[in-house]
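Just below is one structure, and these are the notes that go with it.
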Protein chains: 2
Amino acid sequence: MTLMGTNKQTKIVIVGGKATGSKAGAILARRLPEAEITLYQKEHYHSYSSCGLPYFASGDIGSFEQLTVTPYGVSKGPEFYKNSKGFTVVPGALITEINRRDKSISGKLLEGNEDFEAPYDKLVLATGSLPNKPAFPVADSPRIRHFVMPEDAVHFRKLAEGGKIGKVVIIGGGYVGCEMTEAMVGMWGIEATIVEKENQLLPYALDFEMSRIVERELSRQGVNVLTGSVVKGIEVDDQGNPVVHIQNREEIAADYVFLCIGVSPNIGLAENCGLEIGETGAIRVNDRMQTSDGDIYAGGDCVESFNLVTKSSIYIPMGSLANRHARIIAENIAGKETVFPGVTGTFLIKIFDLNVGAVGISSGEARKHGMAAKEVWGTFVDKPDYYPEPKRFTLKMIYSGENNRLLGLQAVGMGDICRRVDVFSEFLRRGSRVEDLFYLEHGYAPPYSEPLDPLSEMAGIAGAQKRGVSFLNFAEEIDSEAFFLDTREESEAVGLPWPLPKEAPEGGYLNIPLNDVRNNLDKLDRGRKIVIICSRGARSYQAALMLKKAGFNDVHVLGGGTLAALS
Amino acid sequence: MTLMGTNKQTKIVIVGGKATGSKAGAILARRLPEAEITLYQKEHYHSYSSCGLPYFASGDIGSFEQLTVTPYGVSKGPEFYKNSKGFTVVPGALITEINRRDKSISGKLLEGNEDFEAPYDKLVLATGSLPNKPAFPVADSPRIRHFVMPEDAVHFRKLAEGGKIGKVVIIGGGYVGCEMTEAMVGMWGIEATIVEKENQLLPYALDFEMSRIVERELSRQGVNVLTGSVVKGIEVDDQGNPVVHIQNREEIAADYVFLCIGVSPNIGLAENCGLEIGETGAIRVNDRMQTSDGDIYAGGDCVESFNLVTKSSIYIPMGSLANRHARIIAENIAGKETVFPGVTGTFLIKIFDLNVGAVGISSGEARKHGMAAKEVWGTFVDKPDYYPEPKRFTLKMIYSGENNRLLGLQAVGMGDICRRVDVFSEFLRRGSRVEDLFYLEHGYAPPYSEPLDPLSEMAGIAGAQKRGVSFLNFAEEIDSEAFFLDTREESEAVGLPWPLPKEAPEGGYLNIPLNDVRNNLDKLDRGRKIVIICSRGARSYQAALMLKKAGFNDVHVLGGGTLAALS
């Protein structure tokens, strides 16, 4: 048994060598140059970016080493951390116990199988997450695996490069699952099926109708999407090929199966030494990232977060939060009180050419929290239509029907959604209301934006809703007795216009371009439910105001327009 | 004489038919369906986007008509405003006088030369701006003109398409001048010279060193950039070709000269009827966009703004502000008190492949306002280096040395700067401090961003400055006695490394990669001024901390790195 750290320096021990651990170590070494800072990590490989693994699998990133080096190509191993950052990294060290009474950790050096103990003055837990265990039986096979660790990606990449994989099933339609479909199909031409038990993809980020845009894009790209599909079990056939059994569906044979069913906080060490675990199952920390033991800090994927929108605990494992936790931990240990106020829950993912983003909570989440949420939709372009190649996106905004407080935003499309997610996140953090979006002074020039930011436009749409305009969810089936008023130009409104019910009722549809609506109100039946449609939602809303002013009562607008409903 | 509007409805008169006027009319027609709303505009052509003119000149936009239609192709003429928006537009109407006592306007219909008068209950002035008059004599020639009105763009485009222009001089290095160089060179292969009297391009948006990045890009693209060049006059030679005379420089002959010397508020009507004019020369309005006459509102390019950073008046003619003014005006006239709190001054421009942005005030502006401003720089990529095609940009942040309040941001590079400008604008609006940037929860995924947002990184760099790290402006000449410590990898540090003084002193440079600095401190002279360089600034800062910890006193970091200084 080796007894480490017997001198008089302040001893800071960090457990876990990815984002939180290594960044906390680096900041601590700068703030407390006299302290002895030691980071223990189980892995032998150098600190790497887990978020990059799907892009390594896809071949977008040439070699795994690219995920383990600095921007200038230096490998992030112990020597780098010692020389460039000023603290010690001990790889291949499995920590087995935290002894809070005498403030030390016990562990085992995997090489040589040597036990060791190390005292700490302050301990940082950055133990990350572990892949979820499937709720169904899974055969033991190298061709059925999680997609979490570097070896998962390396193994797949080797087979894909060798042309050994023709058909893959991905279990789980969350963000890793969706990213993986692109990795499979886009780069390797693999036939991919994604199986999700909920009735939609990305259930934790998007509401159903927004997820439908993603699902259509995946289908267009040739991905076989099975939602509402509960896996009963995964077996291997006589040839060793995986077979996925799904309730009420035919089994699917594949060359490879990936379990992308999420991760859970790795809390074993914390739990065993009696640290408080939150209701989400992750380590509970206060706003200085301290656990229930004031000398033990924790951050990254092993802790729970405070959701600034719902004011309740949430588990969000995210590399960006892990980086921010590291600073809070280091500053507080170094004596500068610094707080982490909570999270808004930003989410971004690229799925083929589609940008998908969300922040705050969905309508579904709002309902779960008993909030009276209202929702509006709009489709926009990310630069003026006259500028070359404007790109489209659809926004959904969720806000409180009681006090107009902003609750969430979802954004899907090929246009630039990042700015909107960032800005909305900042509005959410401040507890802003719908009207505050009018104050946004976004950067404007035709190559980048329209004069009025889409978020301000969304505030206008919410205002119209407050004043009585009814917006319909574009994925909901519309009453087959409804009459459709199509306000698009004739040239746009060609073919059978969505969203006519499958059996369009006699006289159930009329195309009157917006500019002609005012003078043709007599063509519309005042006794009937009227659903107004256009491409992006803006014209319908203006027509709705004309109809309401003219005394029509049962008037509704297709939120986000046909482009949201169909694209 | 026609007397308009003699019935009993509330009469709202709008003067000016571009962004503010037409949008205010549209919102008013929705809010006050019973009101009589009439917009008078001098122009005969339909409402168009002035911001799009440079892109029409360049050929990026096929026809001028594209600037005058809705996204669905309907021309924004009187019929459109009547039918789709619900208010009256009278084109070709020159308003000559506002009679505040009897609340009416007088004017002349250009067609038929008919005088008219119209009473108003509320008047909206959206008279826009007029091109500045040059401070030097200019010959009367169709080949010397402003670039402000559609006919300027149409005229140029016709000649350019006919291959009639080989050489153009652009007077003024502001944003229109810079956009025009791209229009000339990029599309039409015209030889362009840009002449700016200040010692830098974009003097109202950028500080000198950031403008140098733009200047180098223009030079690389073949644009002849003449800064610090005062035009004495523009003549025409015997063949009718313009000749530009510049102080202390040779004259320049050209086929065409553009005056891009800015605009001034068009305040004639307001001034003549005694409305208060602010110190900037634009119409003064309160935060409800009311002029000194409570029944007269004004917005767009004819009014001045309140700068939220300097807390003083500023003149910022911007299409995005014009749109926002329109809503404030309309809501207040419709009886809903709504305020416009002021501006942060966002600025975006695309110059060839370079994205250029700014918000808040520059260091130069801060000095003018007597603010003790500090400045820091950093160079970043807009996605992780391991992801394909990360794109670079350099940020400069200005903050108060007294209380850490954020004052401004400048961003130049090929990477995604828009999100940063938007978010920083929102931080400025809230009067945030440097530390608040750590709270930003940006959207993160490798295709879009790094785990820690560059704005949070900038807060870290400012923190280092507060703790005593000295950052050098990358455009300032460095003391030729200084010793350069280059912390880049050997493979990066090839050739004569900038920013060595032209005559590199003996032993004035040493390349020690960051990872080796800690163990090679004895190679450095403690008595000498040491300037640490790297590519983006991050390594230098870490090396600076090592040197300071080891007792070196005169240690400085090249802000933004060699990539900022050289790119």
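Observations
- Neighbourhood charge, 12 Å Cβ-Cβ cut-off, centred on A:Tyr387 and excluding it, Lys, Arg +1 and Asp, Glu -1: -2
- Label point 7 Å beyond Cα along the C-beta direction, distances from A:Asn286 to other copies (nm, shortest first): 4.8
- Note on A:Met180, B:Met371, B:Met210: ascending count of other Cβ atoms within 10 Å places them as B:Met371, A:Met180, B:Met210, the fewest first.
- Principal-axis analysis of the Cα atoms of chain B puts helix B:418-429 at an angle of about 80° to the longest axis.
- Scanning residues 5 or more positions from A:His146 or on other chains, those with amide H under 5 Å from its amide H are A:Leu259, with H placed 1.01 Å from N in the peptide plane.
- Shape category assigned to segment B:82-195 from the gyration tensor of Cα positions, a/c cut at 1.5: prolate
- Relative counts (whole %) of C-alpha pair distances in segment A:154-199, using bins that are 10 Å wide: 28, 55, 16, 2
- Placing a label point 7 Å from Cα along the Cα-to-Cβ axis, B:Asp516 is separated from the same position in the other copies by 7.8 nm, shortest listed first.
- Spread over its residues, the convex hull of the C-alpha atoms of segment A:360-419 is 79 Å³ per residue.
- Convex hull volume of the Cα atoms of segment A:225-284, normalised per residue: 139 Å³.
- Between copies, the label points of B:Asp238, set 7 Å from Cα on the Cα→Cβ line, lie 10.1 nm apart, reported in increasing order to one decimal in nanometres.
- Within chain A, DSSP assigns beta bridges of which about 55% are antiparallel (rounded to the nearest 5).
- Here the translational diffusion coefficient of segment B:178-280 follows from Stokes-Einstein with Rh set to the Kirkwood radius across Cα pairs; for 25 °C and 0.890 mPa s it amounts to 154 µm²/s.
- Backbone N within segment B:20-51 under 15 Å of label point (7 Å from B:Asp295 Cα along the Cβ vector): B:36
- Counting all C-alpha pairs of segment A:1-106, share separated by more than 15 Å (%): 66 percent
- Panel values: segment A:384-456, Kirkwood radius from alpha carbon pairs, Stokes-Einstein at 4 °C and 1.567 mPa s, translational diffusion coefficient 100 µm²/s.
- Sum of side-chain charges, B:Ala139 neighbourhood, beta-carbon under 15 Å (Lys, Arg +1; Asp, Glu -1): -2
- Residues whose placed amide H lies under 5 Å from that of B:Ile532, excluding near-sequence neighbours: B:Leu485, B:His556, B:Val557, B:Leu558
- Here segment A:417-487 is treated as a Stokes sphere of Kirkwood radius computed over C-alpha pairs; at 37 °C and 0.692 mPa s its diffusion coefficient rounds to 225 µm²/s.
- From phi via Karplus (6.51, -1.76, 1.60), per-residue ³J(HN,Hα) for segment B:122-129 in Hz, x at Gly/Pro: 10, 10, 10, 9, 9, 7, x, 10
- Cα gyration tensor shape for segment B:22-165, rounded if a/c is under 1.5, else prolate or oblate: oblate
- Computing Rg and the Kirkwood Rh from the Cα coordinates of segment A:261-420 gives a ratio, Rg/Rh, of 1.06.
- Among the listed pairs A:Lys396/A:Lys548; B:Lys396/B:Lys466; B:Lys18/B:Lys122; A:Lys82/B:Lys549; A:Lys23/A:Lys82; A:Lys133/A:Lys164, those with a Cα-Cα distance over 21 Å are A:Lys396/A:Lys548; A:Lys133/A:Lys164.
- Whether the protein assembly as shown is rounded, prolate or oblate, judged on the alpha carbon gyration tensor where a/c under 1.5 counts as rounded: oblate
- Calculated on C-alpha atoms, the gyration radius of chain B divided by its Kirkwood radius gives an Rg/Rh of 1.03.
- Where both bridge residues fall in segment B:63-206, DSSP classifies roughly 70% of the beta bridges as antiparallel.
- DSSP beta bridge pairing in the protein assembly as shown, given as percent antiparallel to the nearest 5: 55 percent
- Between the beta carbons of B:Lys523 and B:Leu566, assuming R0 = 22 Å, the FRET efficiency works out to 0.30 to the nearest 0.05.
Coordinate-derived values only; no laboratory data. Note that the coordinates shown come from a computational prediction; the quantities given were computed from them, not determined experimentally. Here Cβ is always computed from backbone atoms with ideal geometry, including for glycine, and neighbour counts include all displayed protein chains.
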